[in-house]
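Okay, structure first, notes after.
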Amino acid sequence: MKVVSVENLKKTYNRGKVVAVDGISFSVDREEIYIFVGPDGAGKSSTLKVVAGVLCYDDGKVKLFGQDIRSDRVVEKLKDKIAFMPQGLGLNLYHTLSIEENINFFADLHDVPYDVRERRKKLLLEATGLLPFKDRDAGKLSGGMMQKLGICCSLIHTPELIILDEPTTGVDPVSRRELWKLIYRFVKEEGITALISTSYLDEAERSTTLSIMKSGKLIVTSSPEFLLEKKIDVYEAEGEDVEKAYDIAWGCFKIPRLKGKVLRFVADDISPVSNLSLSVKKVEPSVEDVFLLNTGLKRVKLEPFFKISFDIPDEAIVAKNVVKNFGNFTAVDNVSFTVKKGEIFGLLGPNGAGKTTLIKMMTGLYNPTSGECFIAGFKGEKIKQVIGYMSQKFSLYSDLTVYENMVLWGKIYNVHGAILKSRIKEALRMVDLEKYRNSVVESLPLGIKQRLALMCAVIHGPAVLFLDEPTSGVDPAERDAFWQIIRFLAREISVTVIVTTHYMDEAEYCDRILLMNRGRTIAFGTPSSLKSETLKKIGMIYEVKTENPFSDVDKLTKKGFNAVLYGRKIRIYSKGILSPSEIEKIGVKVFSFKEGDVSMEDVFVFAVGSDEF
Amino acid sequence: MNFKKVKTIVIKEFKEMLKDKIGALVIFLVPISTMLIFGYGMRLDVDKIPFVIVDRDHSTLSRELVYKLSATKEYFKFVGEVPSEKVIDRMILKDKARFGVVIPENFERDIKSGKNRKILVLIDGTFPYRGEMAKSYVVAVVNQLNLERLEKFHKGSVPVELKTRYWFNESLKQEYLMAAGTMAVVLFMSPAIVASLLIAKERERGSIYNIYTSSITAMDYLSGKLLYTFFISCINFLIIFFLALYLFKVPFKGDLAVFVFSSFLFILVSAAFGLFLSTFLKTQVSAFVGSIILTIVPSILYSGYMTPISAMNRSGLLMAHMIPTFYYMKILKGCFFKNTGFVVLLPYISALTGFFLLFFGLNVKFFKKREK
C-alpha cells in the first residue's frame with residue numbers, strides 16, 4: 001500500500017485565477033524520503049498542505065494510507081498518523097514557551113500518554129542534542145535549533161508520515177547536515193515516511209525519490225541515482241580562457257554557466273573549445289543540470305549604462321582589524337581583508353557568525369569599535385554615497401510600478417531629470433524589463449523582482465554593490481541571469497560586489513570567499529583554492545553505494561569511519577586511502593565505490609566544524 | 001468533548017500569557033484604562049462652572065441675585081466681581097470663566113418702581129451643551145427671584161409649584177450611570193479583543209497548523225480558547241467592578257449573585273463573539289481594530305449608554321435589540337440602581353444565553369481545519 005498517492009491534483013487560489021498546482025500525480029512508498037524541489041512559487045507548499053489535510057483542493061484524488069481524504073471526516077481520523085511542519089523558521093513553535101513545554105504541548109494535542117511522552121521526549125531531545133537546553137525559550141534558539149525542535153515536536157506522537165515544508169531554508173550548512181541526519185535516523189529506526197520540500201537543488205540528491213517542480217507542474221520524477229546517471233555529459237572547464245570559452249559555449253553547448261572561474265556546461269562534443277588554454281574535465285551531473293536542461297537558460301545581453309564618476313583605488317575595500325562589540329559580546333572580532341576593484345566577493349558563515357554586523361560596518365551603518373573600514377577610499381558616513389545595497393527582501397515598494405520604483409530610487413540617490421530618464425530606459429531595456437515597465441511590482445514573479453531590485457540598487461552608479469542573500473528561493477535559470485548581470489557590472493563597469501549567502505552554490509560564483517564563524521575569519525580564498533585546501537585537510541572523500549545504506553552508515557560510524565548518509569549514497573571522509581574491501585570487511589555490501597568531489601558545503605562544514613572543536 | 005485537550009489549550013495560553021509580559025499588561029491594562037477614561041471622561045454632567053459678575057448697582061437686590069447665583073456650589077463657582085464686560089470677555093477667552101452676568105445701574109430702584117429691567121448674560125458657547133446648561137441655570141435663578149418678588153408684592157402664593165424627585169439615582173449623578181455603563185462597554189470589548197487575538201496570532205504565525213494537523217476537534221480547540229478568555233476576563237471583571245464600587249462609588253442595591261452570574265454569562269457572549277470575528281479577520285491588527293470597533297461602537301450607541309433607549313426611533317430600537325450589551329445594560333442598571341428581582345431580569349439573561357449559543361455555534365460551524 002502506498003502511503004501517499006496523488007492523482008491529477010489541482011489547486012487554485014483566488015477563485016481559479018492563480019493556479020498553484022496544475023494536475024500533478026505522484027505516489028510515496030513506505031520509508032521513502034520523497035523530496036519536492038523547485039523555486040519559490042512552484043506549488044510545493046500547496047502540494048504538501050493538501051497531503052497534510054490542511055488545505056482544500058479543487059480537483060484530483062488524494063489518498064493517504066489508502067483512504068481518499070476529500071471528506072473531512074476521513075482526514076480527521078488520519079491526523080494522528082501524520083505530522084506537518086509548515087514553512088518558516090520556527091513559525092509553528094510557541095516562542096515564549098521552553099523547548100520542553102513546546103514538546104509537551106504537541107504531545108497533549110495528540111493525546112500521547114504521560115509515560116510514553118516522557119520516554120519519547122528524552123529520546124528526541126538526545127537525538128537532536130537539545131537536551132541541555134530543554135528549559136530555554138524556543139524564541140531564543142538559533143535557526144537550526146528551532147528547526148530541530150520543530151522536528152522533535154512533529155515526531156513526539158510517533159507519526160507514520162512526516163511532512164516537512166522547507167525545513168532547511170535559512171539554516172546554515174552545518175545545521176542543515178544535522179537536520180538531514182535526524183530525518184534519516186527516524187526514517188530508518190521507526191519506518192517513517194518523509195515528504196519534504198526544499199528550494200536547495202543540491203539537497204534533492206538526498207532523497208530516495210525526487211520530483212522537480214516548476215509552475216505547478218512536475219518536470220521530472222525519479223530516483224536521484226537514476227536521474228543523475230542518465231547519459232548527460234556535464235563538463236567543467238577552468239583556466240585562462242574561461243571567459244572566451246563561455247562565449248563559445250553559448251553557441252555550441254547546452255546550459256553554459258560561468259561560476260566564478262569555472263565554466264560548467266553540457267555537451268556531446270567538446271572540440272569547439274579544445275584549442276583554448278583550458279583544463280576540461282567531465283563531472284557528475286547535478287540536479288541543477290537536470291533542472292536547467294528541462295527549463296532552459298537565457299543569455300542576458302548587456303552594455304554599460306552608467307559609468308562610475310570618480311576614481312576608485314585598486315583596493316576598493318580595505319578592512320583593517322575591524323572589531324565590533326555590543327556590550328560584552330564581540331560580534332566581529334578582528335577581521336581584516338581587502339577586496340580588489342571589480343571583484344565579486346562572497347561573505348559566508350552560519351547564522352550569527354557576524355556577517356550582518358560586518359556588512360553594516362562596511363555600509364556605514366555602524367561605526368567599528370576599533371579598526372577601520374575604507375570603501376572606495378571613503379570612511380564613515382560618506383560611504384553611503386558610493387554604495388548600492390540590495391537586501392534579501394528586495395526593498396521594493398510593491399504597490400508602485402516598475403518604472404515608479406526606479407524613479408523613486410534614483411531620486412533618493414540624487415539622480416534627476418534627463419539623466420535619470422535615460423538611465424532608467426537603458427536599464428530596463430538591458431535586463432529585459434521593458435514589458436513590465438507599467439506593471440505593479442506586487443504581481444511580478446520573484447525572478448523579475450530580483451532583477452528590478454538589482455537595477456534599483458545600481459541606478460545611481462555605485463562603486464561598491466552589497467547583495468544580502470540576493471537569490472533565496474529564485475529559479476536557477478533566473479539566478480544564472482542575475483549572476484550574468486552581476487558579472488557584467490563587475491567586469492565591465494568595475495563595480496565591486498559583496499555578496500552574503502547561505503547557498504553554497506552561489507558561493508561558487510564569487511571570485512573570492514571569506515568564511516566567518518563566531519565573529520572571526522576561519523577561511524579565506526578563491527573557491528577552488530578553498531576546496532583543494534579542505535580536501536588536503538580531509539584527505540579523501542569517497543562516495544559509496546551499498547545494499548542497505550541506512551544501516552550501513554551506522555555500522556561504518558561505529559567502526560570509526562567519518563561517514564555521512566547522502567540520499568542513498570554514503571559519503572566517507574577519510575585521512576588515508578580507502579579500498580572497497582576495507583568496508584566490506586565490516587559487513588557492508590558495496591555496490592559501487594568511487595572518489596567524490598569536494599563541495600563548497602564540505603568546505604563550509606569542515607571549516608566551521610574545526611573552528612568549534 | 002475531550003476535556004484533556006481543552007485543558008491543554010487553556011494551560012498553554014496561560015503559560016504564554018505569563019511569559020509575555022507586554023501581552024499580559026495589555027490584557028489587563030486595556031479594560032482598566034478604558035474604565036478610567038470613559039468613567040471620568042464621558043461624563044456629560046456640568047459642574048463647577050466658573051462665572052463672574054459685573055455689578056453696576058451694588059444694591060440689596062443685586063447682591064441678592066449674586067448670592068442666589070453662587071449658592072449652588074455643586075454646579076457653579078463664583079469667581080468674583082469684575083469691573084466691565086470687556087473683562088468678562090477676557091476672562092472667557094482665558095478660560096477663567098464660562099459666563100458672566102451684568103447687572104445694570106439703578107437695577108433695584110427701577111424694579112422697585114415697577115419698571116422692567118434687563119440683565120445681560122454673556123455665555124461661552126464653544127461647548128453648546130455647557131452653554132445651554134449655564135443659560136437655563138441663570139434663567140431658573142432669575143425666574144425664582146421673580147416669583148419671590150411677585151409673592152411679596154401680591155401677598156399670595158404661586159398657583160402651581162413643581163417639586164421633582166428622581167428615583168433610583170436620587171442625586172441624579174450621571175457619573176454613576178456612566179461608570180456602571182462603562183462596565184458593560186468594557187466587558188463587551190475586552191474579552192472579544194483577547195479572544196480574537198488568540199486565534200489571529202496563531203494564524204498569522206503559522207502555529208495554527210499544529211491545530212489543523214492534530215486530531216483535536218474544532219469544538220475542543222475553541223472551547224479551550226473560550227475558557228482561557230473567560231478566566232482572564234473574570235479577573236478583569238472583578239477589577240472593574242471594584243473600581244465602579246469603590247473608585248466611582250456607585251451604590252449597588254441589587255442581588256450580587258444574579259449580577260455576577262449574568263456578568264460571567266455576558267463575558268462568555270463577548271468571548272464567543274471575538275472568536276467569531278477572528279473567523280473573518282485573519283491578521284492580528286485587523287482582529288484588534290475590528291473587535292474594538294464592532295464592540296465599542298454599537299455598545300455606546302445602542303445600549304442605552306449614551307442615548308436613552310426611549311429616545312430611539314424604530315430602527316434604532318431594532319438595532320438595540322440585536323446587541324448583547326443592550327440586555328446586559330438592563331441587567332446592570334437593574335442590579336446597581338433598582339434591586340430588580342431575578343424574575344424581571346430573566347428575559348434578559350435568556351437573551352444573553354441565546355447570543356452565546358448563537359455565536360459559539362457559528363464558531364464551531366465556521367472553523368475549518370482545512371484552508372481554502
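No value in this document is a laboratory result; all are computed from the given coordinates. For clarity, every value in this text was computed on a predicted model and none was experimentally measured. Positions of Cβ are backbone-derived with ideal geometry, glycine not excepted, and every protein chain shown enters the neighbour counts.
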Point to revise | Charge tally in the Cβ shell below 15 Å around B:I331, where Lys, Arg are +1 and Asp, Glu are -1, B:I331 excluded | key: +3
Practice item. Enumerate the calculated ³J(HN,Hα) couplings along the stretch B:332-347 in order (Karplus 6.51 cos²θ - 1.76 cosθ + 1.60, θ = phi - 60°), each rounded to whole Hz, writing x wherever the residue is Gly or Pro. Key: 4, 5, x, 6, 5, 9, 10, 6, 5, x, 4, 4, 5, 7, 3, x
Check your understanding: Over chain B, what is the mean sequence separation of C-alpha contacts under 8 Å (at least six apart), divided by residue count, expressed as relative contact order in percent?
Key -> 20
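What's the magnitude of the charge dipole for chain A around its Cα centre, counting Lys and Arg as +1 and Asp and Glu as -1 at the beta-carbon? Answer in Debye, nearest 20. Don't skip to the answer; put the middle values down first.
Working: 85 positive and 82 negative charges, 127 e Å.
For chain A, the charge dipole is close to 600 debye.
From Cα pairs below 8 angstrom and at least 6 apart in sequence, can you work out the relative contact order of the stretch A:61-173, rounded to a whole percent? Spell out each step's value before the answer.
Working: 137 pairs, mean separation 46.1, N = 113.
Relative contact order here is 41 percent.
At a Förster distance of 25 Å, what's the computed FRET efficiency of B:V260 paired with B:I22, Cβ-Cβ distance as r, to 0.05? Display every interim value, and only then the final one.
Working: r = 30 Å, r/R0 = 1.20.
That gives a FRET efficiency of 0.25.
Let me know the mean shielding of B:200-209 by other chains, meaning the per-residue number of their Cβ atoms within 10 Å of its Cβ.
Working: counts 0, 0, 2, 0, 1, 8, 9, 9, 3, 10.
For this peptide, the per-residue mean of nearby foreign Cβ atoms is 4.
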Exercise for review: Enumerate the calculated ³J(HN,Hα) couplings along the stretch A:376-393 in order (Karplus 6.51 cos²θ - 1.76 cosθ + 1.60, θ = phi - 60°), each rounded to whole Hz, writing x wherever the residue is Gly or Pro.
Suggested key: 6, x, 9, 9, x, 4, 5, 3, 4, 6, 10, 10, x, 9, 10, 9, 3, 8
Check your understanding: Of B:G41, B:G361, B:G206, which has the largest mean-square fluctuation in a 10 Å C-alpha GNM of chain B?
Key -> B:G206
Review point. For B:E85 and B:E132, what does the FRET efficiency come to when R0 = 30 Å and r is the distance between their Cβ atoms, rounded to the nearest 0.05?
Key: 0.90
Practice item. Rounded to the nearest 500, what is the 222 nm mean residue ellipticity of chain A from helices alone, with -39500 (n - 2.57) per DSSP H run of 4+ residues and division by all residues? Key: -10000 deg cm²/dmol
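Could you work out how much longer the chain between A:F326 and A:E118 gets when fully extended? Use 0.36 nm per residue separation minus the Cα distance between them, nm to one decimal. Spell out each step's value before the answer.
Numbers: separation 208, 0.36 × 208 = 74.88 nm, distance 3.96 nm.
So the chain would gain 70.9 nm between A:F326 and A:E118.
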Check your understanding: Which whole-number percentage describes the relative contact order of the stretch A:488-596, with Cα contacts under 8 Å and a sequence gap of 6 or more?
Key -> 23
Exercise for review: Treat every Asp and Glu Cβ in the stretch A:530-612 as -1 and every Lys and Arg Cβ as +1, leave all other atoms uncharged, and give the resulting dipole magnitude about the Cα centre to the nearest 20 debye.
Suggested key: 280
Practice item. Just order A:14-20, A:36-42 by mean Cβ neighbour count inside 10 Å, highest at the front, would you? Key: A:36-42, A:14-20
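Please sort A:417-425, A:49-57, B:52-60 by packing, taking for each peptide the average over its residues of neighbouring beta carbons within 10 angstrom, highest first.
The densest-packed peptide leads the list: A:49-57, B:52-60, A:417-425.
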Point to revise | Leading residue at positive end of dipole, the stretch A:1-82 (Cβ point charges), from A:Y13, A:I82, A:G41 | key: A:Y13
Review point. Dipole of the stretch A:121-236 (Lys/Arg Cβ +1, Asp/Glu Cβ -1, origin at the Cα centre): which of A:A127, A:T168, A:A204 lies farthest to the positive side?
Key: A:A127
**Study point:** Label point distance in nm, B:S310-B:V142, each placed 7 Å from Cα along Cα→Cβ
**Key:** 3.0
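For chain A, what is the convex hull volume of the alpha-carbon atoms per residue, in Å³? Intermediate results must be reported in sequence, preceding the final value.
Numbers: hull volume 102.3 nm³, N = 613.
With only Cα atoms used, chain A gives 167 Å³ per residue.
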Exercise for review: Please work out whether the stretch B:207-316 counts as rounded, prolate or oblate from its C-alpha gyration tensor, where a ≥ b ≥ c are the square roots of the eigenvalues and a/c under 1.5 means rounded, while otherwise a/b larger than b/c means prolate and anything else oblate?
Suggested key: oblate
Exercise for review: For A:Y397 paired with A:E442, estimate the spin-label separation in nm (one decimal), with each label point 7 Å from Cα along the Cα-to-Cβ line.
Suggested key: 1.4
Practice item. In nm, give the distance between the simple-model label positions of A:S529 and A:R30, each being 7 Å from the Cα along the Cα-to-Cβ direction. Key: 5.5
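When you count, for each residue, the other Cβ atoms within 10 Å and take the mean per peptide, how do A:330-342, B:86-98 rank with the highest first? Working shown, then result.
Values: A:330-342: 18.4, B:86-98: 16.6.
Most protected by this proxy first, the peptides run A:330-342, B:86-98.
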Revision key, fill the gap. The long-range amide H neighbours of A:K259, using H built 1.01 Å from N in the peptide plane and a cut-off of under 5 Å, are A:R264
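Explain nothing, just the number: dipole magnitude of the stretch B:39-112 about its Cα centre with +1 on each Lys and Arg Cβ and -1 on each Asp and Glu Cβ, in debye rounded to the nearest 20. All intermediate terms of the calculation are to be shown ahead of the outcome.
On the way: 14 positive and 13 negative charges, 49 e Å.
My answer is approximately 240 debye.
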**Study point:** Extension reserve of the A:W250-A:S71 stretch, reckoned as 0.36 nm per residue once the Cα distance is removed
**Key:** 59.2 nm
Review point. Which one of B:S62, B:L120, B:N363 has its Cα pushed farthest toward the positive end of the charge dipole of chain B, where Lys and Arg give +1 and Asp and Glu give -1 at the Cβ?
Key: B:N363
Review point. Once amide H atoms are built 1.01 Å from N in the peptide plane, which residues 5 or more positions from B:N339, or in another chain, come under 5 Å H to H?
Key: B:K253, B:G254
Revision key, fill the gap. Over chain B, the sum of -39500 (n - 2.57) across DSSP H runs of at least four, divided by residue number and rounded to 500 deg cm²/dmol, gives at 222 nm -21500 deg cm²/dmol
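Quantify how strongly other chains surround peptide A:88-95 by giving the mean number of their Cβ atoms within 10 Å of each of its Cβ atoms.
Details: counts 2, 0, 3, 5, 9, 4, 9, 5.
Averaged over the peptide's residues, the number is 5.
Under the rule a/c < 1.5 gives rounded, and otherwise a/b versus b/c splits prolate from oblate, where does the stretch A:233-284 land using the Cα gyration tensor? List each step's numbers first, then the result.
On the way: a/c = 1.23, a/b = 1.14, b/c = 1.08.
Rounded, since a/c falls under 1.5.
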Review point. Can you pull the mean other chain C-beta count within 10 Å for peptide A:100-111?
Key: 5
Point to revise | Gap separating the Cα centres of the stretch A:234-254 and the stretch B:251-294, nearest whole Å | key: 70
Check your understanding: Across the stretch A:99-106, in residue order, what do the Karplus-derived ³J(HN,Hα) couplings come to in whole Hz, using 6.51 cos²θ - 1.76 cosθ + 1.60 with θ = phi - 60° and x for Gly and Pro?
Key -> 3, 5, 5, 4, 4, 4, 4, 4
Review point. For the stretch A:337-385 and the stretch A:397-449, what is the separation of their Cα centres, given in Å?
Key: 27
Study note, to complete from the structure: Counting sequence-distant residues (5 or more places) and residues on other chains, those with an amide H built under 5 Å from that of A:Y566 are A:R571
